[in-house]
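Below you'll find the structure, written out as structure tokens, and then a few comments.
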């Protein structure tokens, strides 16, 4: 067999290795990811202007305020293309399935401390709507982002967020025995509870943020870099203190989703900052607009940290999030902002 | 307390449509700015049924398995030089045409379904549409990777992106998808989900897939079967969306009818080239265009789907009779015209062989002897100058060269229609194309017509056109004189 293929390949030489336009991608040797990602987006000779937005082309760089010389040079650090994305997420879903089986076998949900169940029912079913709203926002990001590599990440994130909303729903269904109306109550809280109004207001505003880079950065570097660690790292630590393994066991999946978003967005922002200095001001304006509001929305939600039997000060939890996630990302790594302030009512040490 | 017992439908609702809510901090108009302008009325978005029930969990699992199989096949074909299993490399001319139009089509569909998912405010349509968007990304990526197997050994694949966006012939399909991309969300849904997917994709992935297999082209065989497994979901979305629009309000009927008239005709015209592939390019032929049209379009669509829609007051698409009449002729027209353009094509046209002619005579008893064989015979005259001078004039709407005949006068009388708009005259190949223009002149007049742009100088100097199109000198010319033909014959002997 080996001999057969070798003989063939010696006598019959390929006349080229890849598509001629691949020479435009600044990599040494294009990989499979590069080949099926680079330069798919149409850029010229458009026939018609969109009837719903005749000022712009079907694909148009002017749908965001940030600018870039060559958007197609972006590379996803995870190098996901459709196949590897599916392999990765299929494995991810198997792990989730295993965790649900463990939860069933060991009664993680049934034996959860009642006070902690009361904590979870207060915010977890609410967050499924939040994540769904982000997913809708990312349908627009996917449609309008420039360059295949970037919109591809946004497409996967959009689908991931639907998956996350479905995961949160399934965890809630696991708690239905204890709290039969958990999903209905959650939706009502999302609509009416003061703790979440600010978050919902921001989510709805995100869904109508038509500058795709703003929506992307606001979601991945601001909203999610606070909301995810707050509930799936800080609250997870509280869960462990309260013996609520059923909660803690699923948090890693949420954090993994956040880490994917963060990694490609960080790479994108670095590319944009390196591409031209004017981008810094634009990205700063996004952060300045969203960060104080998201911190405020997070503060509104902190009372949920008072609910567990062994409770912690919610302010401390938020402070941890800012210190461990937000500041290292925005101040140290990306250097987009120099300081981060919370509302006056309390001080971050 | 026992766990709640739920039906699958109810549980699926909780995983999808129950996630949605009515916004209060922004208005509905701000949230869904493009929902109303087309005039489609939906009274209760929750009435809309889910086209299918796929969760993210089941999707990535099923698709991941399909991908593992597909990529194993793809890598194997490459490793074992599966291209040499083909009966005849002439089949690749079909693949060159396919790759230069389909990759761009799939990619546009990927982005378009994000737009539909975002702007049609139905959670049921939204989830189906975003899933389709992800599927379409799959299709374009798999095709790009698979066609690179051919690209390594043959001409005509190496710059599909430039062929797709710059070449005069591909603008037929480019403009088809861009018309949908620039339409409102409901028209786009009817255009692609119904007009393209439901009505026509069987021809692309079933008929052409079977032809690929008959010609022992494992690559396109693999692509079409795995693609078709997603298409069935897309067709369900198309049917469900169409029914929802029709059933929700009688005022929607004339709007939907207009969409159907336009997109059936556009898709029909765009698929002309498939007839050329089935009847001429395929070395081993499975089914003629005429037979394929009868089975997939006449039986299944015109006398099937449209029959079911009659009760709602939807009639068959305008000019359907003409499409049935033309099934005898259009593949021959396309072949005859393309034959004369080997110098401006990135694939290799050719005259039918004696074997081809025998088959054509058998499949087209009514038109071959009387009309089309005579046209080919005329080309055998030693004084005949094969190369068509200059560039063909194209139809403003479908953008094919103006080569279609007057209905009922095949082979003798090229159809020619015009419309005047703002003092300019626009040209069309048919009443169907003229009607589309007359209905939306301000949109269709914008078309980037390659011959016009070439004369304007947009595409650079005329002597450098081939380069602008992304062509290498060996891309064009007759198949039987091509490097591809020579190499294939040589390599096949080496391997034997």
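Worth a mention:
- Estimated inter-spin distance, residue B:379 and residue B:472, nm [label 7 Å along Cα→Cβ]: 2.6
- Dividing the mean sequence gap of close Cα pairs (under 8 Å, 6+ apart) by how many residues chain B holds gives a relative contact order of 17 percent.
- Exposure proxy ranking, count of Cβ atoms within 10 Å, fewest first, for B:17, B:6, B:90: B:6, B:17, B:90
- Longest to shortest principal axis, alpha-carbon extents of segment A:140-279, angstrom: 54, 29, 24
- Our helix-only sum for the protein assembly as shown, with -39,500 (n - 2.57) per DSSP H run of n ≥ 4 divided by its residues, gives a mean residue ellipticity at 222 nm of -17000 deg cm²/dmol.
- Projection of the Cα convex hull of segment A:78-333, averaged over all directions and equal to a quarter of that hull's surface, yields 12.8 nm².
- Relative contact order [Cα under 8 Å, 6+ residues apart], segment A:1-139, whole percent: 15
- Segment B:268-301-segment A:296-322 distance, computed between alpha-carbon centres (Å): 66
- Rel. contact order, % - alpha carbon contacts under 8 angstrom, at least six apart, segment A:78-333: 25
- Taking B:211, B:418, A:32 and counting other C-beta atoms within 10 Å, the order from fewest to most: B:418, A:32, B:211
- Segment A:109-157 and segment A:215-250 have Cα centres lying 12 Å from one another.
- Dimensionless Rg ratio for the protein assembly as shown, taking C-alpha atoms and the 2.2 N^0.38 Å reference: 1.01
- Cα-based Rg and Dmax for chain B, where Dmax is the largest Cα-Cα distance (Å): 23.5, 92
- Neighbour-count order for B:207, A:31, A:37, fewest beta carbons within 10 angstrom listed first: A:31, B:207, A:37
- Pairs of alpha carbons in segment A:109-198 whose separation is greater than 20 Å (percent): 44
- Rounded if a/c under 1.5, otherwise prolate or oblate - segment A:16-107, Cα gyration tensor axes: oblate
- Cα centroid separation - segment B:96-132 against segment B:470-496, whole Å: 36
Bear in mind that the values in this text are calculations on the coordinates, not laboratory data. Just so you know, these numbers come straight off a predicted model, no measurement behind them. Cβ atoms come from the backbone with ideal geometry, glycine included; neighbour counts cover every protein chain shown.
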